[in-house]
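First up is the structure itself, then whatever we jot down about it.
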Amino acid sequence: MNGVEAVLTGPVNGTMSCQPNPPVSSVVCDWPAAAVVSGTYSLQVSAPGYETTTVQVEVATPPPGLCGCSFDSIQPSTVSISFCRLPFCRPGPADGSVD
């Protein structure tokens with residue numbers, strides 16, 4: 001699936017970089033070029049031929065563990081988008097998910 005766009009709005013605003021994740025029909029998106037900040041965000045996901053979907057997500061940045069490393073998280077971590085069936089939906093900019 002190509003052309004997926006994921007836009008975050010919240011404590012940090014930005015567009016996530018998304019790439020196809022074969023062999024399944026999914027896409028992996030990376031955090032925008034900004035510091036990861038905990039909080040509640042709006043995540044809008046769109047793709048050509050699919051209905052735009054907006055969900056609320058929670059981002060957590062726990063303190064580093066004994067190893068000195070930390071693992072940020074976003075929940076939910078997957079979002080499904082549906083094929084657009086005109087004239088009943090507003091298409092975005094193919095059923096897939098964004099991780």
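A few remarks follow.
- Qualifying residues in segment 4-47 (those that are among the aliphatic types (A, V, I, L, M) and not in a loop (DSSP other than H, G, I, E, B)) - the one surrounded by the fewest Cβ atoms within 10 Å (Cβ to Cβ): Val28
- Segment 48-79 - residue that is at pLDDT below 90 and in a strand (DSSP E or B) and, of those, surrounded by the fewest Cβ atoms within 10 Å (Cβ to Cβ): Pro48
- Checked against the criterion of being out of contact with any Gly (no Cβ under 8 Å at 6 or more places or on another chain) and on the phi > 0 side of the Ramachandran plot, segment 56-69 contains one or more residues that satisfy it.
Condition check ((1) under 19 Å from Cys84 (Cβ atoms); (2) out of contact with any Leu (no Cβ under 9 Å at 6 or more places or on another chain); (3) of a type in the set (Ser, Thr, Tyr)) across all residues:
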site: Gln19; (1), (2), (3): no, yes, no
site: Val24; (1), (2), (3): no, yes, no
site: Val28; (1), (2), (3): no, yes, no
site: Trp31; (1), (2), (3): no, no, no
site: Tyr41; (1), (2), (3): no, no, yes
site: Gln44; (1), (2), (3): yes, no, no
site: Pro48; (1), (2), (3): yes, yes, no
site: Thr53; (1), (2), (3): yes, no, yes
site: Val59; (1), (2), (3): no, no, no
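The values are calculated or read from the model by the stated rules, or taken from the named source; none is laboratory data. Computed from a predicted model, the values in this text were never measured in an experiment. Backbone-built Cβ (ideal geometry, glycine too); neighbour counts: all protein chains shown.
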